[in-house]
């Protein structure tokens with residue numbers, strides 16, 4: 001159980017990262033009604049937090065600025081500050097769906113799961129749910145240990161937005177969280193072939209392959225995405241996970 005808790009701690013933030021990647025794909029393809037949620041997809045490396053902070057201070061009511069600023073804060077590991085900015089924005093625009101979904105995502109990143117669920121219940125329309133919002137809901141449920149419910153939500157999102165990489169990515173990570181690694185691999189292999197697949201998607205696949213003890217294959221997957229020093233660091237980390245307290249039970253027997 002110690003090993004599985006450790007693995008869960010690694011995978012939980014990846015679920016929210018998958019949601020962010022999905023939002024970017026939605027913007028690029030003009031799919032889905034919530035195009036403004038692409039602001040949550042800003043990679044930390046691209047988000048100049050200092051400049052965004054200055055823009056936010058100058059105009060804290062500007063919706064686009066708030067979304068960019070909160071996403072950058074969350075990427076920088078400051079979800080509480082991001083939540084505060086979103087709360088202020090929502091006070092002026094309580095019915096804004098994009099702000100609400102980003103707020104729920106940020107609450108989940110802060111571990112405030114029940115509060116995130118309450119926000120999502122108010123923003124997800126039963127008759128026409130938004131797939132970005134559904135993925136945030138699924139990620140929240142996964143992090144609460146309600147994995148079966150989360151997977152039903154991801155499957156619902158897959159019907160609404162077929163072929164989107166982040167739906168399959170989150171499904172794969174969900175199965176990895178419960179130590180069902182072959183099932184996780186199946187979904188991640190689908191994900192890397194889909195629209196919106198990123199380097200992170202492929203690295204997630206490498207992680208799951210490595211956790212099954214297929215080190216040469218995992219190294220090759222990492223090698224296609226990362227410089228050699230990072231490949232070796234990741235492989236060392238995978239081995240450390242497997243050897244923690246002599247737990248090699250994740251390795252696929254062949």
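When residue 24 is tested against (1) modelled with pLDDT of 90 or more; (2) within 16 Å of the chain's Cα centre (by Cα), exactly one condition is not met: (1). Filtered by the rule that a residue be surrounded by 23 or more Cβ atoms within 10 Å (Cβ to Cβ) and at negative phi, the stretch 191-210 gives 191, 201, 204, 205, 206, 207, 208, 209, 210.
Of the candidates 150, 98, 89, 104, the single residue that is assigned to a helix (DSSP H, G or I), over 19 Å from the mean Cα position of the chain (by Cα), in contact (Cβ under 8 Å) with a residue 12 or more places away in the chain and crowded, with 19+ Cβ neighbours inside 10 Å is 89. Among the residues making up the stretch 153-173, those that are under 14 Å from the mean Cα position of the chain (by Cα) and touching a residue at least 60 places away in the same chain (Cβ under 8 Å) are 164, 165, 166, 167, 169, 170, 173. Screening residue 74 with (1) surrounded by fewer than 18 Cβ atoms within 10 Å (Cβ to Cβ); (2) assigned to a helix (DSSP H, G or I) gives one miss only, at (1).
Summed over the stretch 117-132, the residues that are closer than 23 Å to residue 65 by Cβ, part of a helix (DSSP H, G or I) and more than 15 Å from the chain's Cα centre (by Cα) give a count of 2.
Listed here are the residues, each with its yes/no results for (1) at pLDDT 50 or above; (2) touching a helix residue (DSSP H, G or I) at 6+ places or on another chain (Cβ under 6 Å); (3) not in a helix (DSSP H, G or I).
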site: 5; (1), (2), (3): yes, no, no
site: 9; (1), (2), (3): yes, no, no
site: 32; (1), (2), (3): no, yes, yes
site: 40; (1), (2), (3): no, yes, no
site: 64; (1), (2), (3): yes, no, no
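The values are calculated or read from the model by the stated rules, or taken from the named source; none is laboratory data. Please read these numbers as outputs of a predicted model, since none were measured by experiment. Cβ coordinates were reconstructed from backbone atoms using ideal geometry, including for glycine residues, and neighbour counts include every protein chain displayed.
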